[in-house]
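First comes the structure, then the notes that go with it.
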Amino acid sequence: MSNSLAATADPIADIKLDGISHIAVKVDDLAAARDFYRGVLGFSLESGLSLPECGQHAVLSTASGQHVALCLDAGFAPLPDTGIHNGYRVSPQARQTILDRLAKENIEVFSYREIRPAEAAENCYFYDPSGNRLQLVCADGTAAAANGSLVDAIDHVTVQASDVHWSEDFYARRLAMPIDAVVGWRTADYVLAKRWKEGAESMAPGQMRLDKRYSTIHGTDPVPRANMQLFVKAGDACVGVYLATRHFQMPPEELQIGTPRVAFRVSRNSLKAIAAHFKETGHAAEGPIAHSASPQARHSLYTKDTNGNFIEFVSP
Amino acid sequence: MAALESLNHTAICVHDLAEGMDFYCNILGGTAHQRSNYEIEDTSTGIAIFHSVILEDYLLALTVTANYMPMPPDGQLRGAHGFRHGFCVPRSRFEDVQQSLAKHDVQFEGPVDHPEKSPFGQSIYFKDPSGNFLEILWLKEEGSQTFKRRYIHVE
């Protein structure tokens, strides 16, 4: 139980996260992943672009100019029974094109009942060749025509947390990311959980769970409950924090750079303010490091959130 | 005989924690105290899903129900939906409380005068968004020991 609502540090003054710059996704077969993301999902391949701290990788781009780095990790093991997935925003026409291609490749598509309102319409899920779960979020996009990519933008990414309270403090308060939605606070969520247990609702992995009763109550059946989720905004994208259903291995404390990773787009001044805040509060970080990935990404600050998820802040 | 000292806290049922916390903190002036189900340990022990709020010297644990509760009629502002919580304010703040409720479009009944021999002066009656009946009153003998102050120690 969270002991109190006490804050761990003051909010960072005058900063704003403008959106998601790129995400680093682990794959166990780079060629297969590249073919899938290009050929089926219709991403554009940025053959001349290399992103820092991504190891051996291929860079893809959405129509909005965000990047997805497919990072090779031969030993990568996905987490299919958790809430971890990446959501991509597509137009209804692009969605249909992708669904047709998935059918042609005999790739199974799943549709679930959604709790977060923004994902309710015509959602569908499937897995890439490495076992990463992907979601298409339908929107009336117009950006797709710009560079030929079928995917308009990164809609949301998800991370796990052993303590969502700490995530809320880190993302929503210290980094001033507005809260988009919370799952697990309403009776409606628990009514849905009950229907899920009865087999009347199909829910995506990580959305619902079966809890044993309060530890002093013995001999009762597990109780269906909504799994706690917090969605915070970065520009027009979201980060979804899912309460982990079991403890997971966190990266070593001294390691600040790794994958998978989500990189937030910020101004140069915001980057400096975030770096100064981390230094002042003792939050371990590396950077800002200058590089030349692109004119929009010349300085990066690397760190982990309070639950050990790798994140990056990128500025011009 | 159990030598009970005082009422320590109440767990009340709500349909929406965000709505409930907004009501008790931002309209009634309570202080957020604690919340559950944010950590793996909470899920592994199956603890109830609640946020607690301190109003004056009393703690309410707003607990999410697994099913929808029957709601009292919309127009009924005074009653006991299983129970009713009554909170005191100094007489000098009684008018402010009414203005605050009105400002937030919370309908209330009253002020209602109590009988001459009652320790209570006047009360207003209203409901939270989940239909829990509430009352706010002022005492004729402010600062008296008529009602022992409670202490809060809930972990």
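What shape does region A:30-163 take by its C-alpha gyration tensor, where a ≥ b ≥ c are the square roots of the eigenvalues and a/c under 1.5 counts as rounded, a/b above b/c as prolate, and the rest as oblate?
Judged from the Cα gyration tensor, region A:30-163 comes out rounded (a/c under 1.5).
As a footprinting exposure proxy, order B:Val64, A:Val157 by other Cβ within 10 Å, with the fewest listed first.
By the 10 Å Cβ count, ascending: A:Val157, B:Val64.
Among B:Leu101, A:Leu271, A:Leu45, which comes first, second and so on when ranked by fewest other beta-carbon atoms within 10 Å?
Ordered by Cβ neighbours within 10 Å, fewest first: A:Leu45, B:Leu101, A:Leu271.
Please rank A:Val239, A:Val109, fewest neighbouring Cβ atoms within 10 Å first, as an exposure proxy.
Ordered from fewest to most neighbouring Cβ atoms within 10 Å, A:Val239, A:Val109 come out as A:Val109, A:Val239.
Just tell me how shielded A:186-196 is by partners: mean number of partner chain Cβ atoms within 10 Å of each residue's Cβ, no decimals.
Counting other chains' Cβ atoms within 10 Å and averaging over A:186-196 gives 4.
Restricting to bridges with both residues inside the protein assembly as shown, how much of the DSSP beta-bridge set is antiparallel, in percent to the nearest 5?
Expressed as a percentage, antiparallel bridges in the protein assembly as shown total about 65.
Counting only residues 5 or more places away or on other chains, whose amide H sits under 5 Å from the amide H of A:Asp180 once H atoms are built in the peptide plane?
A:Phe231, A:Val232, A:Lys233
Here is the link list: A:Lys272/A:Lys304; A:Lys26/A:Lys233; A:Lys16/A:Lys279; A:Lys197/A:Lys233. Which ones come out longer than 21 Å on Cα distance?
Those over the limit are A:Lys26/A:Lys233; A:Lys197/A:Lys233.
Whose amide H sits under 5 Å from the amide H of B:Asp16, counting only residues 5 or more places off or on another chain, with H placed in the peptide plane?
Counting only residues 5 or more places away or on other chains, the set is A:Thr187.
Calculate one ³J(HN,Hα) per residue across region B:30-41 by plugging θ = phi - 60° into the Karplus curve 6.51 cos²θ - 1.76 cosθ + 1.60, and present them in order as whole Hz with x for glycine and proline.
x, 10, 4, 10, 7, 8, 10, 6, 9, 10, 4, 4
In terms of Cα to Cα distance under 17 Å, which aspartates and glutamates are near enough to B:Lys117, apart from those fewer than 8 places away along the same chain?
Hits, sequence-local ones excluded: B:Glu141, B:Glu142.
Counting other Cβ atoms within 10 Å of each Cβ, which chymotrypsin sites (Phe, Trp or Tyr not before Pro) in region A:30-73 have at most 10 and sit in a DSSP loop?
Filter output for region A:30-73: empty list.
Less than 16 Å apart at the alpha-carbon level, and either on another chain or at least 8 residues along: which aspartates and glutamates does that give for A:Lys104?
Straight-line reach from A:Lys104, under 16 Å: A:Asp35, A:Asp128.
How many angstrom lie between the C-alpha centres of region A:283-300 and region B:42-117?
51
Hey, what number do you get for the protein assembly as shown at 222 nm if only DSSP H runs of n ≥ 4 count, each worth -39500 (n - 2.57), divided across all residues, to the nearest 500?
Mean residue ellipticity at 222 nm (helix-derived): -4500 deg cm²/dmol.
Give me the lysines in straight-line cross-link reach of B:Lys103: C-alpha distance below 30 Å, same-chain residues under 8 apart excluded.
The qualifying lysines are B:Lys127, B:Lys140.
Measure nothing fancy, just the Cα-based angle from helix B:91-103's long axis to the longest principal axis of chain B, in degrees from 0 to 90, nearest 10.
Once rounded, one gets 60 degrees.
For A:Val223, list long-range residues whose amide hydrogen, built 1.01 Å from N in the peptide plane, is under 5 Å from its own amide hydrogen.
The answer is A:Asp211, A:Lys212, A:Arg213.
Could you derive backbone 3J(HN,Hα) for region A:240-247 from the dihedral phi with the Karplus parameters 6.51, -1.76 and 1.60 (θ = phi - 60°), listing whole Hz in sequence and x where the residue is Gly or Pro?
Here the 3J(HN,Hα) series is x, 9, 9, 5, 5, 8, 8, 5 Hz.
Using θ = phi - 60° and the Karplus form 6.51 cos²θ - 1.76 cosθ + 1.60, what ³J(HN,Hα) does each residue of region A:285-302 get, whole Hz, x for Gly and Pro?
With coefficients 6.51, -1.76 and 1.60, one gets 8, 10, x, x, 10, 7, 8, 9, 4, 6, x, 7, 9, 10, 9, 10, 10, 10 Hz.
Bear in mind that the values in this text are calculations on the coordinates, not laboratory data. Since we're looking at a predicted model, the values are computed, not measured. Note: ideal-geometry Cβ built from the backbone for every residue, glycine included; neighbour counts use all protein chains shown.
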